[in-house]
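Note sheet for the following structure.
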Amino acid sequence: MKNLFNFLVVFLILGTPAAANDAASVETEALEIADRLRCLVCSDENIEAARDETAEDMRFFIRKHLTDGKPQDLVVHLLLAQYGDMISLEDAPTPTAENEKTFSLVSSALCFAAMAFYIFRRSKNFNV
């Protein structure tokens, strides 16, 4: 009976997730999360550098959930659910050569269409 009790205690200890009680580990995890998120009010500034009330609330939210023992990904998903996808720096579109080529092609086509319309309008005789 005693062996069974010891087995259950060891199983419960190993089966429970480790809580993030260490202040240094919570701080490093909070900084890692803050580097991945941007402030809603400040323009493209991460929330650790921003000095806005919203950024302060987000920093408090992150540290509170990390000290409760929640993993980083869960905290990020909770923040994205609360504030929306606008705060994520990872999903920000990055300019590529293909995007630039598409933009220049579309702008050239629009300029050509505007010139063709202008020439067409000038060549008509509108005698009313």
³J(HN,Hα), Karplus 6.51/-1.76/1.60, whole Hz, each residue of region 70-83, x for Gly, Pro:
7, x, 4, 4, 5, 5, 5, 5, 5, 5, 5, 5, 7, 9
Amide H of Ser88 versus every other amide H placed in the peptide plane: which residues, excluding those fewer than 5 positions away on the same chain, fall under 5 Å?
Arg38
Under 5 Å between amide H atoms, partner at least 5 residues away or on a different chain: which partners does Gly69 have, H built in plane at 1.01 Å?
Ala20
Report the FRET efficiency, 1/(1 + (r/R0)^6), for Ser104 and Ala23, where r is their Cβ-Cβ distance and R0 is 41 Å, rounded to 0.05.
0.20
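None of the figures in this text is laboratory data; all of them are computed from the coordinates on show. Please read these numbers as outputs of a predicted model, since none were measured by experiment. In this analysis, Cβ positions are derived from the backbone assuming ideal geometry, glycine residues included, and neighbour counts consider all displayed protein chains.
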